[in-house]
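Asks: The following block contains the structure, expressed as structure tokens.
The values are calculated or read from the model by the stated rules, or taken from the named source; none is laboratory data. This structure is a prediction, so every number in the text was calculated from the model and none was measured. Virtual Cβ from ideal backbone geometry, glycine too; neighbours counted across all protein chains shown. Note: accessible area is taken over every heavy atom of the protein model, side chains too, but ligands, DNA and RNA are not part of it. Shrake-Rupley method; radii C 1.70, N 1.55, O 1.52, S 1.80 Å.
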Amino acid sequence: MRTVLNILNFVLGGFATTLGWLLATIISALPIITLPLTRSCWEITKLSLIPWGNEAIHIDELEPQSKNSLLNAGGTLLNIVWFVLFGWWLCIMHITAGIAQCLTIIGIPVGVANFKIAAIALWPVGRRVVSVETARAAREANAHRRFQ
């Protein structure tokens, strides 16, 4: 089922959103100040291309032992730079694609996925794209560690 939904996503506009993310990746790799944004941008490019079976999870949830407040502060600063340069137009692109896809019954699941990615497009720094199973296991391990 994931494969069918991923193909449907690509046909119904996922290629356009993925091209937008690729453009942002290339542009963010050019100036030195935005070079740290390139990895996050590439991670979300993968999610835009293949949204089913993958999930964006914050690195603090994925690897809680490597949590660092200085890196989190730097990530917040990079997210602000990201929002000003790229985030707002990528978010609008995903919202527009999601609305267009929701106009057809068959495109509703794809549209909902675009709305989820639109939220991620605003603040992608610190996110990693992993399989749904890996994300679930990381969240369960964190919950187990937190409530023991």
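Asks: Estimate the FRET efficiency between Ala100 and Thr76 by the formula 1/(1 + (r/R0)^6), using the beta-carbon distance for r and 30 Å for R0, to the nearest 0.05.
Replies: About 0.40, to the nearest 0.05.
Asks: Express the accessible area of the chain per residue in Å², computed with a 1.4 Å probe while the remaining protein chains stay in the model.
Replies: Heavy-atom SASA per residue in the chain reads 57 Å².
Asks: Restricting to Cα atoms and excluding each atom paired with itself, what does the Kirkwood estimate give for the chain in Å?
Replies: 15.9
Asks: Next question, about the same structure. What order do you get for 132-144, 114-126 when each peptide is scored by the mean count of other beta carbon atoms within 10 Å, highest first?
Replies: Ranking the peptides 132-144, 114-126 by packing returns 114-126, 132-144.
Asks: A follow-up question, please. Taking H placed 1.01 Å from N in the peptide plane, check which residues at least 5 places from Asn54 or on another chain put their amide H under 5 Å from its amide H.
Replies: Val132
Asks: What is the spin-label model distance, in nm, from Val132 to Phe115 if the labels are put 7 Å beyond Cα along the C-beta direction?
Replies: Distance between the two pseudo-spin positions: 1.8 nm.
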